[in-house]
1. Report the relative contact order of the chain, percent, no decimals, based on alpha-carbon pairs under 8 angstrom and at least 6 residues apart.
2. Per residue of the chain, what 222 nm ellipticity follows from adding -39500 (n - 2.57) for every DSSP H run with n ≥ 4, rounded to the nearest 500?
3. Which one, Y117, I360, L373, is farthest towards the positive end of the dipole of the chain when Lys and Arg carry +1 and Asp and Glu -1 on their Cβ?
4. Nearest 5 percent is fine: what portion of the DSSP beta bridges confined to the chain is antiparallel?
5. How tilted is helix 340-366 with respect to the longest principal axis of the chain? Cα atoms for both, answer in degrees (0 to 90, nearest 10).
6. Which pairs, out of K487/K678; K311/K368; K85/K354, put more than 21 Å between their alpha-carbon atoms?
7. Where does helix 461-471 land angle-wise versus the long Cα axis of the chain, in degrees 0 to 90, nearest 10?
8. Compute the Cα gyration tensor for the stretch 607-651, then decide on rounded, prolate or oblate, letting a ≥ b ≥ c be the square roots of its eigenvalues: rounded whenever a/c is under 1.5, prolate when a/b is larger than b/c in the other cases, and oblate in all that remain.
Amino acid sequence: MPPTAPVDSSHRHASHQQPLPQPRLLQPRLPPVSPPTARPPTASTSHRYLPPPLLTINGCLPLVSPPSLPTTTLNREPSFGDEGKGSLLYFLKAEGLATSLSAGVGDDGMQLSSIAYIFSMTIYLTAAGIEKIYEVIGFVYQYLKLLRQDEPQEWVFKELQDIGNMEFKFAEEEPQDDYAVELAANMLLYPEEHIIYGDYAYEIWDEKLIKHVLSFLKPENMRVDVMTKIIDKQFKDIQYEPWFGSQYIEEAIPMSFLELWKDPPEVEPSFHLPLKNEFMPCDFTIRSVNAPNHPTHSCLPKCIIDQPMMKLWYKLDKTFKVPRANTYFLITVKGAYNGVRSCVLTELFINLLKDELNEILYQAGVAKLESALSIIGDKLELKIYGFNDKLPVLLSKILATTNSFLPANDRFKVIKEDMERAFRNTNMKPLNHSTYLRLQLLREDFYDVDDKLVCLTNLSLSDLKMFVSGLLSQMHIEGLCHGNLSKEEVLAISDILGSKLSTSLLPMELRHKDRVLCLPSGANLVRDIHVKNKLEVNSVVQVYYQIEQDFGVESTKWRSLGDLFSDIVEEPLFNQLRTKEQLGYVVECGPRLTYRVLGFCFCVQSSKFGPLHLHARINNFISGLKELLDGLDGESFENHKSGLIAKKLEKYPSLNYETSHFWGQIVDKRYLFDMSEKEAEELKGIHKSDIIDWYNTYLRPNSPKCRRLAIRIWGCETDMQARETSLEHVFSIEDLEAFKMSATFYSSLC
């Protein structure tokens, strides 16, 4: 979703303006920092998190009296956050200076209080942008001058008012604890009668107040923060903040710039205020009202199109009755995952396409019609969800842009730079790193991020253009349309897909098949890796047990047993390893499903103990589970079982939750849309002896079906050589490629 700026939600009166101190430029530096002339880290030597350069401009705003509903003053704020043509961000991106921007008054106590409001504009800069900070700030004040020159437009306020009203009227349920916290916070912001409605309300149009607030956004009321890894050597006065020891430099902004920004002599000609939003919904008719209620009507999705090129599932919502719909599509394309090069090129193309679509997607997002585009293997996953009235319009625009899109060299360089940074930052957190390494071992085709970084570095725009022409030449589409859409509207959506993506069928044999490694009988494998961030003190041990393939008549029972076992042991695990032994803050366990292969995982992260100790304590706990299960009385077992059954039979709180369940079944190619109900029914017949048998079969070390894999991430203060003196009987995987070449794999199910 495109970034949207937070909106001010409370106003009180201040008797006089409280300007900030003399504007200063703060440049935080996160230790340790390589000098600017140092060679950039390569894939093999990148050991530190590399944040994108960040420019933040803060200004103090007045409180407004009397206390009122929001948006009286900052209804012009969407102009800052706008991402269409004529906007500040659109210009900065076109100039290669920035990648994203957000602006507004946040809802935390630092920015929103009874003392003052802090208006913040955050700009993510490119490598070129960090070299032109003062120019970027100058463009901000040119855009501000445009806002002051033009009279505030009431239609902007009314558009926001309409969005707020329709959001409130058709708000979906959220978890009760989250809602309670939200209302408690609102009690500090709104009068009693508006605690529930306040976040949505746009009631007062006050042109004078808007101008008054805009008058505070000026250079003398500004503080600038710049966060970057690159600090010019000329700076001598490095300071250290007292809490974490982070290094920073503070300097006054030259008066010549302050005078220039106070009243820019000209405004960039391409700047203009946002246009009216074409995605604003007008039709809120509930389709299920007039739909026939046939007694044989199923509450599950039905396949209404099953053709070689396209398979489309459909379910009309008759439960939530809101004018929203979710349309999800998997578009399998040609050769997207045939090797590390094609994998990187596909990812590069998707990121460039999202960048190209940003203007359209932002406008749709403002009108609460959201979208997401990602890559899963050789499949593009496109999701469009929200108010359904203009959903076909957005889908048509996305597909039309995809068909005609030719990446330009300037955006290619910027997006490539972003991807390089993302690849270098992958696996900086040891918990994520452990999961990454487990999947790297289990999946037959898995392209390492270091190899992807090396490949990306050598790619050119011409390489991408040649690749894309073949990428979209053949495809297959599978989708789900769920919500406030009639069958006729869904068939019209299928026509849009067929007409906009007019390519030939991708044969089944050319579609990528994900296969999972079948761990050998009785396997006790270990893979040891140092943390990627050389300053990371945390170690992680993740012990994975492979169960069975999620296929056949027994699969529902295996899934149910895994869920029930997790429900029984997760609290004793936390109590023993976290509360009593104080191993670390992260102590967890649960089932794992890896491309339809069932597993179970125990995981501990610790800054105090090394992987050998953590691994030993996990094994000790697992060995003691036989005694715990034997001692579990009948009443406690039935409580666990009935609680899990009730959880599986809980009604979905919103349309999105239900869609996510249906979509998971389609992605996994299981199509068991009532899986939760079937598992609940299966659980009714499960006895304690079944759980003990499951444990003895798959987790007891002496069982031939006990197949385990331990991923151990060694923190910077641990010594991996200690494993050489360990008495543990494990097979250490040193050469991953050789190990996988000699392994067998399950057949592909999805």
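The values are calculated or read from the model by the stated rules, or taken from the named source; none is laboratory data. This structure is a prediction, so every number in the text was calculated from the model and none was measured. No Cβ is skipped: glycine too gets one built from the backbone with ideal geometry, and neighbour counts run over all protein chains shown. All accessible areas refer to the heavy atoms of the entire protein, side chains included, with ligands and DNA or RNA removed. Shrake-Rupley method; radii C 1.70, N 1.55, O 1.52, S 1.80 Å.
1. On the way: 1304 pairs, mean separation 115.8, N = 750.
Contact order relative to length: 15 percent.
2. Details: 23 runs with 273 residues, N = 750.
The helix-only estimate for the chain comes to -11500 deg cm²/dmol at 222 nm.
3. My answer, from the dipole projection, is L373.
4. Values: 89 of 109 bridges.
Among the beta bridges of the chain, antiparallel pairing accounts for roughly 80 percent.
5. Its long axis makes an angle of about 50 degrees.
6. Numbers: K487/K678 28 Å; K311/K368 27 Å; K85/K354 16 Å.
Listed pairs above 21 Å: K487/K678; K311/K368.
7. Its long axis makes an angle of about 50 degrees.
8. Working: a/c = 4.90, a/b = 1.85, b/c = 2.65.
It comes out oblate by the Cα gyration axes.
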